[in-house]
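Visitor: One structure, as structure tokens, below. Some questions next.
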Amino acid sequence: MTVQWPAPTARLLLRAWCEADRAPFRAMNADPRVMACFPSTLTDVQSDALFDRIVAHHAQHGFGLWAVALKAPAGDSALIGFTGLSIPAWQAPFGPCVEIGWRLAHDHWGHGYATEAARSALAYGFDVLQLGEIVSFTAAVNHRSARVMQRLGMHHDAADDFDHPALPPGHRLERHVLYRLTRQAWASQP
Ligand SMILES: CC(C)(COP(=O)(O)OP(=O)(O)OC[C@H]1O[C@@H](n2cnc3c(N)ncnc32)[C@H](O)[C@@H]1OP(=O)(O)O)[C@@H](O)C(=O)NCCC(=O)NCCS
């Protein structure tokens, strides 16, 4: 099983999770601004359950959503969010696949951190895991997340868009956009 981590970036560490991360993770998941494009904020119990699922995904697959921290001396390695690779737990119409995803505490939006961390995670996925393609999807109304996908050079084809099966018909978040990046396209980026 793979045990390496994505490379640190100019400003960030992508690191393993630790118990001290549970509190900032709970706070991020309870923030309505952060969770605006999800069905609801998470209670502490729901946040801890997600934390446990993330750690279990790492144990099962050798990769996952990595904890993101600011590099010292600017930061103290405290959690500012996550970015990483995961295998969707539901039967995606475009699956099987590996997805890249991100979530940052609101104070850390608008600095380029999600895109910077995602580039390291993509490099890990393509260069270490040798994946042929990495996808990303989000609610169609989540324009900030779609802009990260665009900045990463991911490709959107409207024919791939889909209604998320976990959401009831007509839900404001039901429609989802899908972006794809092949290893070939990644390798040809400047
Ligand atoms: C999605 C999310 C991670 C995007 O965060 P973000 O800060 O907008 O994205 P980035 O980290 O790439 O930062 C880009 C912004 O930083 C700005 N920026 C400032 N300094 C910068 C720098 N040094 N380098 C690059 N960009 C910089 C860019 O101009 C850009 O701003 P703009 O979008 O207003 O033009 C964040 O909104 C979030 O956590 N949302 C909630 C969770 C979520 O919806 N996740 C996705 C679910 S699928």
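The values are calculated or read from the model by the stated rules, or taken from the named source; none is laboratory data. Here the structure is a predicted model, which is why all the values come from computation and not from measurement. Every residue, glycine as well, gets a Cβ built from its backbone with ideal geometry; the counts of neighbours run over all protein chains shown. Side chains included, ligands, DNA and RNA excluded: accessible areas come from the protein's heavy atoms. Shrake-Rupley method; radii C 1.70, N 1.55, O 1.52, S 1.80 Å.
Visitor: Taking the condition modelled with pLDDT of 95 or more, away from the ligand (no atom under 16 Å from the Cβ), of a type in the set (Phe, Trp, Tyr) and in contact with a helix residue (DSSP H, G or I) (Cβ under 6 Å, 6 or more places away or on another chain), does Phe126 pass?
Guide: Values: modelled with pLDDT of 95 or more: yes; away from the ligand (no atom under 16 Å from the Cβ): yes; of a type in the set (Phe, Trp, Tyr): yes; in contact with a helix residue (DSSP H, G or I) (Cβ under 6 Å, 6 or more places away or on another chain): yes.
Yes; evaluated as a whole, the condition is true for this residue.
Visitor: Taking Ala59 and the conditions (1) assigned to a loop (DSSP other than H, G, I, E, B); (2) more than 15 Å from the ligand (Cβ to nearest atom); (3) small (Gly, Ala, Ser), which numbered condition does it fall short on, given that it satisfies the others?
Guide: Status for Ala59: all satisfied but (1).
Visitor: For the stretch 1-33, give me the residue count where each residue is open to solvent by less than 40 Å² (accessible area, probe 1.4 Å), acidic (Asp, Glu) and either modelled with pLDDT under 95 or over 17 Å from Ala72 (Cβ atoms) (or both).
Guide: Residues meeting the conditions: 1.
Visitor: List the pairs whose first member sits in the stretch 40-51 and is open to solvent by less than 70 Å² (accessible area, probe 1.4 Å), whose second member is aromatic (Phe, Trp, Tyr) and assigned to a loop (DSSP other than H, G, I, E, B), and whose Cβ atoms are under 8 Å apart, counting only residues at least 6 apart or on separate chains?
Guide: The qualifying pairs are Phe51/Trp17.
Visitor: Name the one entry in Ala36, Ala72 that is within 16 Å of Arg11 (Cα to Cα), aliphatic (A, V, I, L, M), assigned to a loop (DSSP other than H, G, I, E, B) and open to solvent by 20 Å² or more (accessible area, probe 1.4 Å).
Guide: On the way: Ala36 fails: within 16 Å of Arg11 (Cα to Cα).
Only one candidate passes the filter, namely Ala72.
Visitor: Which one of Gly81, Gly62 is out of contact with any strand residue (DSSP E or B) (no Cβ under 8 Å at 6 or more places or on another chain) and at positive phi?
Guide: Gly62
Visitor: Same structure, new question: Any idea which of (1) under 24 Å from Val135 (Cβ atoms); (2) within 13 Å of the ligand (Cβ to nearest atom); (3) surrounded by 15 or more Cβ atoms within 10 Å (Cβ to Cβ) is the one Cys97 doesn't satisfy?
Guide: (2)
Visitor: Quick check on this structure: which one of Trp17, Trp66 is more than 23 Å from Ala139 (Cα to Cα) and of a type in the set (Phe, Trp, Tyr)?
Guide: Numbers: Trp66 fails: more than 23 Å from Ala139 (Cα to Cα).
On inspection, the qualifying residue turns out to be Trp17.
Visitor: Restricting to the stretch 157-179, name every residue that is under 18 Å from the mean Cα position of the chain (by Cα) and either hydrophobic (A, V, I, L, M, F, W, C) or open to solvent by 70 Å² or more (accessible area, probe 1.4 Å) (or both). If you could, list the steps in order and put the result at the bottom.
Guide: Just the residues of the stretch 157-179 that are under 18 Å from the mean Cα position of the chain (by Cα), to begin with: 164, 173, 176-179.
Leu173, Val177, Leu178 - these are the residues of the stretch 157-179 that are under 18 Å from the mean Cα position of the chain (by Cα) and either hydrophobic (A, V, I, L, M, F, W, C) or open to solvent by 70 Å² or more (accessible area, probe 1.4 Å) (or both).
Visitor: When you scan the stretch 18-33, do you find a residue that is closer than 30 Å to Trp186 by Cα, touching a Ser or Thr at 6+ places or on another chain (Cβ under 8 Å) and of a type in the set (A, V, I, L, M), even just one? Break it down stepwise before answering.
Guide: Kept after step one, since they are closer than 30 Å to Trp186 by Cα, are these residues of the stretch 18-33: none.
No, there is no match, as no residue in the stretch 18-33 is closer than 30 Å to Trp186 by Cα, touching a Ser or Thr at 6+ places or on another chain (Cβ under 8 Å) and of a type in the set (A, V, I, L, M).
Visitor: With respect to Ala117, is the statement that it is modelled with pLDDT of 95 or more and of a type outside the set (D, E, K, R) true?
Guide: Values: modelled with pLDDT of 95 or more: yes; of a type outside the set (D, E, K, R): yes.
Answer is yes for this residue.
To keep it simple, each residue is scored yes or no on (1) farther than 30 Å from Pro32 by Cβ; (2) in a loop (DSSP other than H, G, I, E, B); (3) in contact with a Pro (Cβ under 6 Å, 6 or more places away or on another chain).
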{"site": "Trp102", "(1), (2), (3)": "no, no, no"}
{"site": "Phe126", "(1), (2), (3)": "yes, no, no"}
{"site": "Gln130", "(1), (2), (3)": "yes, yes, no"}
{"site": "Thr138", "(1), (2), (3)": "no, no, no"}
{"site": "Arg147", "(1), (2), (3)": "no, no, no"}
{"site": "Ala166", "(1), (2), (3)": "no, yes, no"}
{"site": "Tyr179", "(1), (2), (3)": "no, no, no"}
{"site": "Trp186", "(1), (2), (3)": "yes, no, no"}
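Visitor: Picking from Ala117, Ala105, Ala140, which residue would you name as being surrounded by 15 or more Cβ atoms within 10 Å (Cβ to Cβ), more than 7 Å from the ligand (Cβ to nearest atom), among the hydrophobic types (A, V, I, L, M, F, W, C) and under 11 Å from the mean Cα position of the chain (by Cα)? Break it down stepwise before answering.
Guide: Details: Ala105 fails: under 11 Å from the mean Cα position of the chain (by Cα); Ala140 fails: under 11 Å from the mean Cα position of the chain (by Cα).
Only one candidate qualifies: Ala117.
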